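Notes for the one structure printed next.
Nothing in this text is a laboratory measurement; each read-out follows from the coordinates by a stated rule. All values reported here derive from a predicted model rather than from experimental measurement. Don't worry about glycine lacking a Cβ; one is built from the backbone with ideal geometry, like all the others, and counts go over all protein chains shown.
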Amino acid sequence: MTDSIIVDGLSKRFKNLEAVRDVSFSVKEGEVFGFLGPNGAGKTTTINVLCTLLKPSGGSAQVAGFDVVRQQTQVRRSIGLVFQDTTLDEYLTAEQNLRFHAYAYGVSRKLTNYRIEELLKLLELWDRRKQSIREYSGGMKRRLELARGLLHHPRVLFLDEPSLGLDPQARHKIWEYVLDLHRNDDTTIFMTTHYMDEAEHCDRIAVIDNGGIIALGTPEELKRKVGGDVITLKSNDKESIQKELREKYSIESELKDDAITFTVSEGDKFLPEFVRASTQPMQSISIRRPTLDDVFLKLTGHAIRDEAADAQVNLRGGKWGSRRR
Amino acid sequence: MGVAAAMNDFVRGVWVVAYREFLRLLRDRARFVSAFAMPLLFLVIFGAGFNRSVGPLSEDVDYIKFVYPGLIAQTVFMVSMFAGLSVVWDREFGFLRELLIAPISRSSIVFGKILGAAGIAVFQGLLMLVLAPVVGVPLSVLTVLKLAVLLIVLSVSLSSIGMALASRLRTQQGFQIFIQIFMFPAVFISGVLFPVNDVPRWLEVVSKVNPLTYGVDAVRQVFLTSQTVTVASGEPPILGIVFFSHTTTVFIDIAVLGLFGAAMFFIALWMFNRQA
């Protein structure tokens, strides 16, 4: 298999900010590859360089076999993009937006008609194709942008925070479509997200923080870095249990929110043994598989969630504030 | 990539960008109506208000006949500026990125926006001609054709100004402010409402360095060819711009505005390619 995206030592400096520093990775053809990180980590900057909107300050990048600096037109022809915020023309209907795109990409009229029908039916927008975009909900707009990004059969589809600002139901739907479409055409998908649960849909994930990749692997591999399953335990005598864990199993545990938390590999086997052997009274025990949240916390020492939630509130506030009168 | 393929991409890019401008106008009738209603309002109010007190400017030309061709030029100016506004608008609403990542060149976006705005401006300018019988000026096919060519020069020049500006400005508000501070005064002193050869010295000077003045005069000259425009000797002429005792012809007018427009066009092209 060949590589769809090859990034080598890429960096991008703005006036007083190094947004991306010395990033290298490659994405295989047909892969779903995720960039996971908090806002401002350099995800969007990387996408903008890969889709020729920004020139890199250093390093090189190839998309679909073309250099992003020297072969811009060929790169543009080979990619589809769904941006973080909507880039539809609100004055036109859904269908007009798609036709504009098809024409700009030089898709033949016959193929355009066929693709529009195919994609809009799949994304459940066919009945609304004559409607103006102004009447579309956020979720519908995102679906239409997805249809548009795929209209010209791109070899690589970039999704920049594809579900940002959508309610959970719409998020779920978008993912269903993306994975469905991916199964059908085997397009390479490069996506960014700061939602951990979304990153799990990827074949491989690069965790990015402060402009650099700090880990790269399959979701399973990354979770293994956490060291196993996460066990949370409540008891009146926390000190004794922590001591027991340390002395008998050499496990360091943490006290968090009135509960003891620790990670252990093969927790489902460890737990019954531990409970049988322990002399301490316990009120509750829970065990869960590690999530990418745990991975991020472990790798960076800070959680991804709060930051993400804050950023989103700001983004929405900003969006409403700048709406046209 | 061969020359033919590149050319093909360019033409497709220009057309798709321009086509969208036309499509948007069709879906935004308010814009279309206001571009016609504004000059009509000007004509009715200024015409009715001044026609009697100003009196005829020459044997055939009363104030309404004088103002009317100026208002055609004004319509073209205002509508042409929309090229720039449309870019700023696209940037603000994100659509510009859809254009920027499409496999079409930056230059074809500039050409397309200008073609789109200029096309609409010429259309709205020519639409004003339906009022010609009301004003009392007979039109020949030749006059209409000459006007069409002239309006193309006018609109391309003006949309180029807008485009050059749009590569710098980020918000519609910024653009509106520019229109209010520079464009409105520039249109007002371009001689739409008064003969620039017959005003106080200071106003005459600022009017005559204003490139728009030559556009207004050119439209007026073409339009009033069938009318008697001679004035008493010693009086300043109502047609032609008197510049160091030379009176400009239509061709000089077009040359002045055309050169200015071409400069603006290249600035727009250069700025847009560099910026976006």
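Taking every residue in A:62-75 and counting other chain Cβ atoms within 10 Å of its Cβ, the average works out to 1. Taking 7 Å steps out from each Cα toward its Cβ at A:GLU117 and B:MET38 produces label points 4.4 nm apart.
Over the range B:3-275, what is the relative contact order in whole percent, taking alpha-carbon pairs under 8 Å and six or more residues apart? Mind dumping the intermediate values first?
Values: 375 pairs, mean separation 69.8, N = 273.
For the range B:3-275, the relative contact order is 26 percent.
A simple spin-label model places the labels of A:ASP237 and B:VAL141 11.0 nm from each other, with each point 7 Å out along Cα-to-Cβ.
Using R₀ = 30 Å, calculate the FRET efficiency as 1/(1 + (r/R₀)^6) where r is the Cβ-Cβ separation of A:GLU254 and A:ASP203; round to 0.05.
Numbers: r = 32 Å, r/R0 = 1.06.
So the FRET efficiency works out to roughly 0.40.
Determine the gain in length on full extension of the stretch A:ARG183-A:ARG289; use 0.36 nm per residue of separation and subtract their C-alpha separation, reporting nm with one decimal.
Details: separation 106, 0.36 × 106 = 38.16 nm, distance 2.68 nm.
Contour length minus Cα-Cα distance gives 35.5 nm.
Kindly list the residues of the range A:155-173 that lie in the label zone of B:GLN172, defined by a backbone N under 14 Å from the point 7 Å along the Cα-to-C-beta vector. Answer for the range A:155-173: none.
By average Cβ neighbour count within 10 Å, what is the ranking of B:202-214, B:69-81, A:174-186, A:23-35 from highest down? Write down the numbers at each step before the final one.
Working: B:202-214: 17.9, B:69-81: 26.4, A:174-186: 15.0, A:23-35: 19.5.
Output ranking for B:202-214, B:69-81, A:174-186, A:23-35: B:69-81, A:23-35, B:202-214, A:174-186.
Fully extending the segment from B:TRP202 to B:VAL54, taken as 0.36 nm per residue of separation minus the present Cα-Cα distance, adds 51.1 nm. Give the residues of the range B:47-63 whose amide nitrogen is closer than 17 Å to a point set 7 Å from the Cα of B:VAL242 in the direction of its Cβ. So the set is B:57-59. Here the relative contact order of the range A:126-221, from alpha carbon pairs under 8 Å that lie six or more residues apart, stands at 22 percent. Distance from the alpha carbon centroid of the range B:145-162 to that of the range B:254-276 works out to 13 angstrom. Cross-link partners of A:LYS225 among lysines, defined as those whose alpha carbon lies under 16 angstrom from its own and excluding same-chain residues fewer than eight positions apart: A:LYS298.
Per-residue ellipticity at 222 nm, computed for the protein assembly as shown from helices alone with -39500 (n - 2.57) per DSSP H run of at least four residues, works out to -17500 deg cm²/dmol. Taking all Cα pairs closer than 8 Å and separated by 6 or more residues, the relative contact order of the range B:35-165 comes to 35 percent.
Please figure out what share of the DSSP beta bridges in the protein assembly as shown is antiparallel and state it in percent, rounded to the nearest 5.
Values: 36 of 54 bridges.
Roughly 65 percent of the DSSP beta bridges within the protein assembly as shown come out antiparallel.
Would you mind checking the range B:74-93 for residues with the amide N under 14 Å from a putative spin-label position 7 Å along Cα→C-beta of B:PHE182? Answer for the range B:74-93: B:81-82, B:84-85. The order of the peptides A:159-166, A:224-231 by mean Cβ neighbours within 10 Å, most packed first, is A:159-166, A:224-231. Most tightly packed first, judged by the mean number of other beta-carbon atoms within 10 Å of their residues, the peptides A:294-300, B:12-18 read B:12-18, A:294-300.
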